[in-house]
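So the structure is just underneath, and the comments pick up after that.
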Amino acid sequence: MANAIEVKVPNIGDFESVPVIELLVAEGDTVEKDQALMVLESDKATMDVPSPAAGKVTGLKVKVGDKVGEGSLVCSLSGQTDAAADDAAADADADSEAPAGQHDAPPSEPEGHEDEKTAETAESADGPARGSARQTQAGPYTVTVPNIGDFESVPVIELLVAEGDTVEKDQALVVLESDKATMDVPSPVAGTVTSLKLKVGDKVGEGAEVCVLTPEDGAGDDADDDDDDDGAADDAPAQQTASAETQPAREPPAAAKAPIADTPEAQPNAGPQAKTTAPATQADGEPFYAGPATRKVARQFGVDLSKVSGSGARGRIVIEDVQAYVKAELAKPAAGSGGARAAGGGIPPIPAQDYAQFGPVETKALARIRKLSAAHLSRSWLNVPHVTQHDDADITELEAFRKSAGDYTEAKLTLLPFLIKAVGLVIKRYPEFNSSLAADGESIVLKGYCNIGFAADTPNGLVVPVVKDVWAKSVGELAADCARLATTARDGKLKPDDLRGGCFSISSLGGIGGKYFTPIVNAPEVAILGVSRSSLQPVWDGANFAPRLLLPLSLSYDHRVIDGAAAARFVVLLGALLADVRRWVL
Ligand code: CAO
């Protein structure tokens with residue numbers, strides 16, 4: 001029959017007040033037997049408190065930051081299977097004379113752990129229990145994987161040391177991972193790693209060689225002492241072998257110091273799943289700490305924990321840190337080329353300022369269009385390697401013609417439709433200007449149509465309506481399109497189709513003033529023409545200075561697609577076409 005049981009903190013050694021640093025379950029969660037419920041952290045180790053049975057968490061009694069000790073109530077469990085309930089009940093009976101918290105340790109113990117249990121008993125009477133360390137003399141140690149339960153082939157997921165590293169006693173050397181837990185293999189002595197026998201991905205079981213250690217002066221003696229304690233000296237091989245301990249060392253307290261965070265199924269009576277005191281190392285050399293649950297989430301998302309900042313106690317990486325890291329990575333725009341990360345990743349943000357300290361300020365919300373264009377322009381600016389080619393076009397004759405031809409068009413004949421037509425002719429000659437870089441950066445897409453957008457300044461912000469089918473239209477027709485689109489844009493009534501399908505853009509500030517600027521390429525287009533205000537300039541004609549109307553042109557282009565020489569050819573041809581409209585018919 002299903003019973004409700006109270007889960008308490010088991011024996012965690014001499015620690016009386018250990019903070020809860022992570023809750024791994026919430027009320028209402030269904031948990032498996034041995035599933036970690038929460039993580040405790042002492043000064044030297046993190047410990048998962050496993051569920052003694054399968055069931056539903058009905059009453060969570062702790063929160064992050066609470067300090068707990070043996071016997072502290074963790075939660076209630078209800079609805080566990082009959083078998084689990086029976087196990088738990090049996091366990092409670094068996095442990096009736098044990099310290100309070102031990103009632104809550106996982107109940108059943110597989111046969112294979114009898115030796116360990118014996119060793120544990122010996123520890124309580126005579127000192128620390130030992131693993132299979134068998135060295136009897138100072139000299140190199142071959143560290144082997146200790147008893148890791150029933151697992152025979154567990155992958156190495158992290159190497160925490162390299163050859164030449166100096167390690168402390170109990171410092172983690174490698175991390176193994178079973179289906180349900182990560183396990184650190186600690187160093188049995190202080191010393192120097194002289195030879196590493198494993199690499200990430202290797203599959204290991206008990207007895208597999210981890211590394212060879214040359215112990216520090218005295219470390220070997222310590223080990224010898226230990227060996228003497230358990231009388232294994234006579235069996236010592238010439239090449240000493242030290243298996244990482246599977247039971248708590250003598251100091252500090254047993255559970256906290258336990259070097260292996262064993263699998264629940266491998267060491268069901270071990271109580272808290274202790275993690276080694278030694279942290280892994282971050283890319284910048286700083287150590288990082290992360291519990292099994294966090295490591296699991298990190299692996300699921302392919303996150304390199306050495307790159308994640310920890311927000312937990314003493315910089316410990318918690319699940320939320322991994323989630324925040326993934327979120328931040330996803331928020332970075334993808335690069336347009338080669339799959340590389342977008343420029344902008346890692347750019348430090350501009351710090352917030354308190355402008356009010358310098359004088360009165362007013363905060364005004366940005367219009368929707370301005371926010372959209374800001375995001376688009378930032379993306380283009382950060383993704384596209386920009387170069388701007390400047391030139392002057394002599395539009396003296398063109399302006400004379402434009403002014404004289406006004407009667408032939410219904411719409412006002414401004415300079416803009418001439419510019420659009422001329423650019424259409426240039427990009428027909430130089431089709432790479434009418435292309436886009438493929439998303440994978442491996443090719444360009446050349447377009448067999450010509451749609452040209454023009455930047456329009458509207459009360460709500462910048463928009464770029466697109467004039468369609470430029471090659472097929474006369475200047476008069478283009479003038480009509482420009483007038484219609486400019487009016488519609490200012491009225492805020494552009495339709496989505498008016499803004500789509502552009503191949504190239506023109507930004508004309510000629511009606512306002514200024515000379516030369518660096519327009520931002522309207523990606524995924526590859527070039528944009530900036531046009532400034534024309535002015536009469538003295539130009540040397542070979543014999544005299546003659547007054548000519550010069551139009552400043554600024555061609556910005558995506559240097560991944562357009563070479564500087566091509567850009568120069570573009571402005572030269574455009575200048576020639578604008579200088580003499582008769583060339584347009586050729
Ligand atoms: N040199 C000298 N005079 C120019 C000129 C130039 N390059 N371009 C236009 N002009 C003149 C026009 O001839 C017109 O003069 P008249 O009224 O005497 O005929 C006057 O300036 C105003 O022209 P316009 O700007 O109304 O018309 P347009 O077709 O040249 O431009 C449009 C239309 C929509 C491009 C323009 O109104 C506009 O919004 N420009 C701003 C574009 C912009 O903001 N670009 C920046 C984008 S990045 O922030």
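The values are calculated or read from the model by the stated rules, or taken from the named source; none is laboratory data. Only a predicted model underlies this, so the values are computations on that prediction, with no experimental measurement involved. Virtual Cβ from ideal backbone geometry, glycine too; neighbours counted across all protein chains shown. For accessibility, only protein heavy atoms count, side chains too; no ligands or nucleic acids. Shrake-Rupley method; radii C 1.70, N 1.55, O 1.52, S 1.80 Å.
Within the set of pairs 6 or more residues apart or between chains, which connect a residue that is within 15 Å of VAL463 (Cβ to Cβ) and part of a strand (DSSP E or B) inside the range 496-512 to a residue that is small (Gly, Ala, Ser) and more than 6 Å from the ligand (Cβ to nearest atom) with Cβ atoms less than 7 Å apart?
Short answer, once both residue conditions are applied: SER505/GLY453; SER507/GLY530.
List the number of the failed condition for LEU419; all other conditions in (1) more than 12 Å from the ligand (Cβ to nearest atom); (2) closer than 23 Å to GLY564 by Cα; (3) open to solvent by less than 80 Å² (accessible area, probe 1.4 Å) hold.
The failed condition is (1).
Which of (1) part of a strand (DSSP E or B); (2) within 10 Å of the ligand (Cβ to nearest atom); (3) crowded, with 20+ Cβ neighbours inside 10 Å is the odd one out, the single condition ASN522 does not satisfy?
Among (1) part of a strand (DSSP E or B); (2) within 10 Å of the ligand (Cβ to nearest atom); (3) crowded, with 20+ Cβ neighbours inside 10 Å, the lone unmet condition for ASN522 is (1).
So which of ALA439, ALA472, ALA455, ALA483 ends up being away from the ligand (no atom under 16 Å from the Cβ), under 29 Å from SER404 (Cα atoms) and either open to solvent by 50 Å² or more (accessible area, probe 1.4 Å) or modelled with pLDDT of 95 or more (or both)?
Details: ALA439 fails: under 29 Å from SER404 (Cα atoms); ALA455 fails: away from the ligand (no atom under 16 Å from the Cβ); ALA483 fails: away from the ligand (no atom under 16 Å from the Cβ).
Answer to the selection: ALA472.
Please enumerate the residues belonging to the range 150-164 that are out of contact with any Lys or Arg (no Cβ under 8 Å at 6 or more places or on another chain) and open to solvent by 60 Å² or more (accessible area, probe 1.4 Å).
First, the residues of the range 150-164 that are out of contact with any Lys or Arg (no Cβ under 8 Å at 6 or more places or on another chain): 150-152, 158, 160-164.
Matches in the range 150-164: ASP150, GLU152, GLU163.
Find all pairs meeting these conditions: Cβ atoms under 7 angstrom apart; at least six residues apart or on different chains; first residue within the range 358-380 and within 30 Å of GLU525 (Cα to Cα); second residue not in a loop (DSSP other than H, G, I, E, B).
Close Cβ pairs (under 7 Å, with a partner that is not in a loop (DSSP other than H, G, I, E, B)) amount to ALA367/GLY461; ILE369/GLY461; ILE369/VAL463; ARG370/GLY461; SER373/GLY461; SER373/LEU462.
Only one of (1) modelled with pLDDT of 95 or more; (2) within 10 Å of the ligand (Cβ to nearest atom) is not met by ASP580, so which one is it?
Evaluating ASP580 over (1) modelled with pLDDT of 95 or more; (2) within 10 Å of the ligand (Cβ to nearest atom) leaves (2) as the failure.
Can you name the residue in the range 525-565 that is outside any strand (DSSP E or B) and of a type in the set (Ser, Thr, Tyr) and, of all such residues, is farthest from the chain's Cα centre (by Cα)? Working first, answer last.
Residues of the range 525-565 outside any strand (DSSP E or B): 525-526, 532-534, 541-544, 559-565.
From what's left, of a type in the set (Ser, Thr, Tyr): 532, 534.
Values: SER532: 43, SER534: 49 Å.
My answer is SER534.
Mind telling me which of the residues SER532, SER505 ends up being small (Gly, Ala, Ser), closer than 28 Å to ASP440 by Cβ, within 11 Å of the ligand (Cβ to nearest atom) and modelled with pLDDT of 95 or more? Spell out the reasoning first.
On the way: SER532 fails: closer than 28 Å to ASP440 by Cβ.
Exactly one residue qualifies, and that residue is SER505.
Please go through the range 21-40 and pick out each residue that is under 24 Å from GLY310 (Cβ atoms), in a strand (DSSP E or B) and open to solvent by less than 50 Å² (accessible area, probe 1.4 Å).
Of the range 21-40, the ones under 24 Å from GLY310 (Cβ atoms) are 21-26, 35-40.
Then drop every residue that is not in a strand (DSSP E or B), which leaves 21-23, 36-40.
Of everything in the range 21-40, those that are under 24 Å from GLY310 (Cβ atoms), in a strand (DSSP E or B) and open to solvent by less than 50 Å² (accessible area, probe 1.4 Å) turn out to be ILE21, GLU22, ALA36, LEU37, MET38, VAL39, LEU40.
Among the residues of the range 179-199, are any within 22 Å of GLY149 (Cβ to Cβ), open to solvent by less than 40 Å² (accessible area, probe 1.4 Å), among the aliphatic types (A, V, I, L, M) and at pLDDT 90 or above?
Checking the range 179-199: at least one residue is within 22 Å of GLY149 (Cβ to Cβ), open to solvent by less than 40 Å² (accessible area, probe 1.4 Å), among the aliphatic types (A, V, I, L, M) and at pLDDT 90 or above.
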